[in-house]
1. Taking the condition of being closer than 23 Å to SER19 by Cα and of a type in the set (S, T, N, Q), how many residues in the range 158-192 meet it?
2. From (1) crowded, with 17+ Cβ neighbours inside 10 Å; (2) aromatic (Phe, Trp, Tyr); (3) modelled with pLDDT under 95, pick out the condition that doesn't hold for TYR138.
3. Identify, please: which residue in the range 106-120 is of a type in the set (A, V, I, L, M, F, W, C) and loosely packed, with under 12 Cβ neighbours inside 10 Å and is, among those, farthest from THR10 (Cα to Cα)?
4. Exactly one of (1) under 19 Å from the mean Cα position of the chain (by Cα); (2) without any contact (Cβ under 8 Å) to a residue 24 or more places away in the chain; (3) part of a loop (DSSP other than H, G, I, E, B) is unmet by LEU161. Its number?
5. Does the range 41-52 contain any residue that is of a type in the set (A, V, I, L, M), under 23 Å from the mean Cα position of the chain (by Cα), in a helix (DSSP H, G or I) and crowded, with 16+ Cβ neighbours inside 10 Å?
6. Could you pull out the residue among THR46, THR27, THR94 that is among the polar types (S, T, N, Q), in contact with a Cys (Cβ under 6 Å, 6 or more places away or on another chain) and at pLDDT 95 or above?
7. Which of (1) surrounded by fewer than 17 Cβ atoms within 10 Å (Cβ to Cβ); (2) over 16 Å from ILE196 (Cα atoms); (3) small (Gly, Ala, Ser) is the odd one out, the single condition ALA103 does not satisfy?
8. Name the pairs whose Cβ atoms lie under 8 Å apart, with the first residue in the range 1-28 and within 20 Å of PRO107 (Cβ to Cβ), the second hydroxyl-bearing (Ser, Thr, Tyr) and not in a helix (DSSP H, G or I), and 6 or more positions between them or separate chains?
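The values are calculated or read from the model by the stated rules, or taken from the named source; none is laboratory data. Owing to the predicted nature of the structure, the values given are computational and were not obtained by experimental measurement. Here Cβ is always computed from backbone atoms with ideal geometry, including for glycine, and neighbour counts include all displayed protein chains.
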Amino acid sequence: MKRTLYAAGTALCLLLLLSVILCAAVTRMGRDGGLYARCFHAFADTRRFGVPESDYDGIARDLGGYFSGGAADFPYFNGRERAHLADIRQLFRTFDRAWLLLAAVLPLAFALIRRPDAKGFFIGLGMAVLLPGAAALYAALDFENAFILTHRLLFSNDLWLLDPNTDLLICLMPEPMFTFLAGRLAAVVIPAWLLIPTLCILGGKIKRSSSRCAK
(Lines give C-alpha, C1' and ligand atoms only; values in the text may rest on other atoms or scores of the structure.)
Protein backbone atom coordinates (compact mmCIF):
# COMPACT_ATOMS: atom_id res chain seq x y z
CA MET A 1 0.00 0.00 0.00
CA LYS A 2 2.79 2.41 0.91
CA ARG A 3 4.58 1.68 -2.36
CA THR A 4 1.37 2.30 -4.32
CA LEU A 5 0.89 5.65 -2.62
CA TYR A 6 4.54 6.51 -3.20
CA ALA A 7 4.23 5.61 -6.90
CA ALA A 8 1.04 7.66 -7.26
CA GLY A 9 2.70 10.61 -5.52
CA THR A 10 5.72 10.32 -7.79
CA ALA A 11 3.48 10.27 -10.87
CA LEU A 12 1.58 13.32 -9.64
CA CYS A 13 4.81 15.23 -8.95
CA LEU A 14 6.19 14.41 -12.38
CA LEU A 15 2.95 15.47 -14.08
CA LEU A 16 3.02 18.74 -12.12
CA LEU A 17 6.58 19.24 -13.29
CA LEU A 18 5.53 18.54 -16.88
CA SER A 19 2.74 21.11 -16.58
CA VAL A 20 5.19 23.75 -15.36
CA ILE A 21 7.66 23.09 -18.17
CA LEU A 22 4.95 22.87 -20.83
CA CYS A 23 3.16 26.09 -19.82
CA ALA A 24 6.43 28.00 -19.54
CA ALA A 25 7.70 26.70 -22.89
CA VAL A 26 4.43 27.48 -24.70
CA THR A 27 4.31 31.06 -23.46
CA ARG A 28 8.00 31.62 -24.24
CA MET A 29 7.63 30.29 -27.79
CA GLY A 30 4.30 32.06 -28.25
CA ARG A 31 5.86 35.46 -27.52
CA ASP A 32 8.92 34.99 -29.71
CA GLY A 33 8.54 37.37 -32.63
CA GLY A 34 11.72 36.04 -34.21
CA LEU A 35 10.32 32.52 -34.22
CA TYR A 36 7.11 33.76 -35.86
CA ALA A 37 9.14 35.52 -38.55
CA ARG A 38 11.15 32.39 -39.37
CA CYS A 39 7.97 30.33 -39.52
CA PHE A 40 6.17 32.85 -41.73
CA HIS A 41 9.02 32.87 -44.22
CA ALA A 42 9.05 29.06 -44.22
CA PHE A 43 5.33 28.25 -44.27
CA ALA A 44 3.11 31.26 -45.02
CA ASP A 45 1.43 31.94 -48.34
CA THR A 46 -0.36 35.28 -48.32
CA ARG A 47 -0.38 36.12 -52.03
CA ARG A 48 -4.17 36.07 -52.25
CA PHE A 49 -4.28 38.89 -49.68
CA GLY A 50 -1.62 40.97 -51.41
CA VAL A 51 0.65 40.77 -48.36
CA PRO A 52 4.28 40.50 -49.53
CA GLU A 53 6.88 38.40 -47.73
CA SER A 54 8.73 41.60 -46.90
CA ASP A 55 5.92 42.42 -44.43
CA TYR A 56 6.33 39.17 -42.47
CA ASP A 57 9.00 40.44 -40.09
CA GLY A 58 6.85 43.42 -39.06
CA ILE A 59 3.75 41.29 -38.54
CA ALA A 60 5.75 38.79 -36.50
CA ARG A 61 7.22 41.57 -34.38
CA ASP A 62 3.73 42.97 -33.74
CA LEU A 63 2.43 39.55 -32.70
CA GLY A 64 5.33 38.89 -30.34
CA GLY A 65 4.93 42.31 -28.75
CA TYR A 66 1.16 41.97 -28.43
CA PHE A 67 1.34 38.56 -26.78
CA SER A 68 3.98 39.97 -24.42
CA GLY A 69 1.53 42.64 -23.25
CA GLY A 70 2.14 45.44 -25.74
CA ALA A 71 -0.37 47.27 -27.91
CA ALA A 72 -0.97 46.54 -31.58
CA ASP A 73 -3.55 47.78 -34.09
CA PHE A 74 -3.26 44.83 -36.51
CA PRO A 75 -4.74 46.69 -39.52
CA TYR A 76 -4.10 43.63 -41.70
CA PHE A 77 -6.40 41.40 -39.57
CA ASN A 78 -10.19 41.50 -39.47
CA GLY A 79 -12.34 41.69 -36.34
CA ARG A 80 -12.66 37.92 -35.93
CA GLU A 81 -8.90 37.46 -36.16
CA ARG A 82 -8.21 40.25 -33.67
CA ALA A 83 -10.71 38.73 -31.23
CA HIS A 84 -8.97 35.36 -31.52
CA LEU A 85 -5.57 36.98 -30.94
CA ALA A 86 -6.98 38.57 -27.78
CA ASP A 87 -8.09 35.10 -26.64
CA ILE A 88 -4.58 33.76 -27.26
CA ARG A 89 -3.02 36.57 -25.25
CA GLN A 90 -5.38 35.83 -22.36
CA LEU A 91 -4.53 32.14 -22.64
CA PHE A 92 -0.82 32.93 -22.34
CA ARG A 93 -1.54 35.01 -19.23
CA THR A 94 -3.45 32.06 -17.76
CA PHE A 95 -0.50 29.78 -18.54
CA ASP A 96 1.81 32.27 -16.79
CA ARG A 97 -0.25 32.13 -13.62
CA ALA A 98 -0.57 28.35 -13.85
CA TRP A 99 3.13 27.55 -14.18
CA LEU A 100 4.11 30.03 -11.47
CA LEU A 101 1.54 28.55 -9.07
CA LEU A 102 2.53 24.98 -9.86
CA ALA A 103 6.22 25.82 -9.58
CA ALA A 104 5.56 27.14 -6.07
CA VAL A 105 3.84 23.86 -5.13
CA LEU A 106 6.49 21.56 -6.64
CA PRO A 107 9.04 21.74 -3.78
CA LEU A 108 6.38 20.65 -1.29
CA ALA A 109 5.22 17.89 -3.63
CA PHE A 110 8.72 16.49 -4.06
CA ALA A 111 9.32 16.77 -0.32
CA LEU A 112 6.41 14.39 0.22
CA ILE A 113 8.14 11.69 -1.84
CA ARG A 114 11.67 12.31 -0.58
CA ARG A 115 11.89 8.84 1.01
CA PRO A 116 13.78 6.66 -1.49
CA ASP A 117 11.90 3.73 -2.99
CA ALA A 118 13.47 2.77 -6.30
CA LYS A 119 10.73 0.37 -7.37
CA GLY A 120 7.98 2.76 -6.38
CA PHE A 121 9.76 5.56 -8.21
CA PHE A 122 9.95 3.59 -11.46
CA ILE A 123 6.29 2.57 -11.16
CA GLY A 124 5.38 6.23 -10.67
CA LEU A 125 7.56 7.23 -13.61
CA GLY A 126 5.77 4.70 -15.80
CA MET A 127 2.38 5.99 -14.65
CA ALA A 128 3.41 9.58 -15.36
CA VAL A 129 4.59 8.77 -18.88
CA LEU A 130 1.33 7.07 -19.88
CA LEU A 131 -0.86 10.17 -20.28
CA PRO A 132 1.54 12.48 -22.17
CA GLY A 133 2.82 9.49 -24.11
CA ALA A 134 -0.67 8.64 -25.30
CA ALA A 135 -1.31 12.29 -26.21
CA ALA A 136 1.95 12.50 -28.16
CA LEU A 137 1.16 9.29 -30.02
CA TYR A 138 -2.30 10.55 -30.90
CA ALA A 139 -0.84 13.83 -32.22
CA ALA A 140 1.78 11.97 -34.24
CA LEU A 141 -0.83 9.69 -35.83
CA ASP A 142 -3.53 12.30 -36.42
CA PHE A 143 -2.22 15.83 -35.93
CA GLU A 144 -5.21 17.53 -37.53
CA ASN A 145 -7.75 16.05 -35.11
CA ALA A 146 -5.36 16.53 -32.17
CA PHE A 147 -5.05 20.20 -33.20
CA ILE A 148 -8.84 20.58 -33.34
CA LEU A 149 -9.33 18.84 -29.98
CA THR A 150 -6.69 21.03 -28.35
CA HIS A 151 -8.41 24.20 -29.56
CA ARG A 152 -11.80 22.98 -28.37
CA LEU A 153 -10.34 22.35 -24.93
CA LEU A 154 -8.47 25.65 -24.70
CA PHE A 155 -11.05 28.07 -26.15
CA SER A 156 -14.68 28.57 -25.20
CA ASN A 157 -15.68 29.95 -28.62
CA ASP A 158 -15.16 29.11 -32.28
CA LEU A 159 -13.09 32.16 -33.24
CA TRP A 160 -10.16 29.85 -33.95
CA LEU A 161 -12.10 28.39 -36.91
CA LEU A 162 -10.63 30.63 -39.61
CA ASP A 163 -11.26 30.65 -43.36
CA PRO A 164 -8.19 30.78 -45.64
CA ASN A 165 -10.31 32.67 -48.20
CA THR A 166 -11.09 35.55 -45.86
CA ASP A 167 -8.66 35.37 -42.92
CA LEU A 168 -5.00 36.29 -43.32
CA LEU A 169 -4.03 34.73 -39.98
CA ILE A 170 -4.61 31.14 -41.11
CA CYS A 171 -2.55 31.78 -44.26
CA LEU A 172 0.29 33.12 -42.11
CA MET A 173 0.00 30.12 -39.79
CA PRO A 174 -1.03 27.05 -41.81
CA GLU A 175 -1.12 23.57 -40.32
CA PRO A 176 2.48 22.66 -41.35
CA MET A 177 3.70 25.53 -39.19
CA PHE A 178 1.90 24.14 -36.14
CA THR A 179 3.26 20.67 -36.89
CA PHE A 180 6.76 22.15 -36.92
CA LEU A 181 6.14 24.09 -33.70
CA ALA A 182 4.71 21.02 -31.97
CA GLY A 183 7.88 19.11 -32.81
CA ARG A 184 10.02 22.00 -31.60
CA LEU A 185 8.03 22.18 -28.37
CA ALA A 186 8.41 18.45 -27.78
CA ALA A 187 12.16 18.71 -28.41
CA VAL A 188 12.38 21.27 -25.58
CA VAL A 189 9.84 19.90 -23.10
CA ILE A 190 10.58 16.17 -23.15
CA PRO A 191 14.35 16.37 -22.39
CA ALA A 192 13.72 19.00 -19.71
CA TRP A 193 11.03 16.85 -18.11
CA LEU A 194 13.09 13.65 -18.19
CA LEU A 195 16.08 15.43 -16.68
CA ILE A 196 14.55 15.33 -13.18
CA PRO A 197 13.89 11.55 -13.14
CA THR A 198 17.37 11.00 -14.57
CA LEU A 199 18.95 13.07 -11.81
CA CYS A 200 16.85 11.22 -9.21
CA ILE A 201 17.99 7.85 -10.57
CA LEU A 202 21.64 8.91 -10.74
CA GLY A 203 21.39 10.47 -7.29
CA GLY A 204 20.00 7.22 -5.90
CA LYS A 205 22.82 5.21 -7.47
CA ILE A 206 25.45 7.58 -6.09
CA LYS A 207 23.87 7.45 -2.64
CA ARG A 208 23.78 3.63 -2.65
CA SER A 209 27.36 3.49 -3.88
CA SER A 210 28.46 5.87 -1.13
CA SER A 211 26.66 3.79 1.49
CA ARG A 212 28.42 0.60 0.33
CA CYS A 213 31.81 2.33 0.38
CA ALA A 214 31.18 3.61 3.90
CA LYS A 215 30.48 0.06 5.07
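1. Total meeting the criteria: 1.
2. (1)
3. Step one: filter the range 106-120 for residues of a type in the set (A, V, I, L, M, F, W, C), giving 106, 108-113, 118.
Narrowing the set further to residues that are loosely packed, with under 12 Cβ neighbours inside 10 Å leaves 108, 111.
Details: LEU108: 12, ALA111: 10 Å.
The qualifying residue farthest from THR10 (Cα to Cα) is LEU108.
4. Of the numbered conditions (1) under 19 Å from the mean Cα position of the chain (by Cα); (2) without any contact (Cβ under 8 Å) to a residue 24 or more places away in the chain; (3) part of a loop (DSSP other than H, G, I, E, B), the odd one out for LEU161 is (1).
5. Residues of the range 41-52 of a type in the set (A, V, I, L, M): 42, 44, 51.
Filter once more, keeping what is under 23 Å from the mean Cα position of the chain (by Cα): 42, 44.
Now restrict to residues that are in a helix (DSSP H, G or I): 42.
Add one more test, that the residue is crowded, with 16+ Cβ neighbours inside 10 Å, and what stays is none.
No; the residues of the range 41-52 include none that is of a type in the set (A, V, I, L, M), under 23 Å from the mean Cα position of the chain (by Cα), in a helix (DSSP H, G or I) and crowded, with 16+ Cβ neighbours inside 10 Å.
6. Values: THR27 fails: in contact with a Cys (Cβ under 6 Å, 6 or more places away or on another chain); THR94 fails: in contact with a Cys (Cβ under 6 Å, 6 or more places away or on another chain).
Result: THR46 is the single residue among THR46, THR27, THR94 that is among the polar types (S, T, N, Q), in contact with a Cys (Cβ under 6 Å, 6 or more places away or on another chain) and at pLDDT 95 or above.
7. Tallying (1) surrounded by fewer than 17 Cβ atoms within 10 Å (Cβ to Cβ); (2) over 16 Å from ILE196 (Cα atoms); (3) small (Gly, Ala, Ser), ALA103 fails exactly one: (2).
8. none
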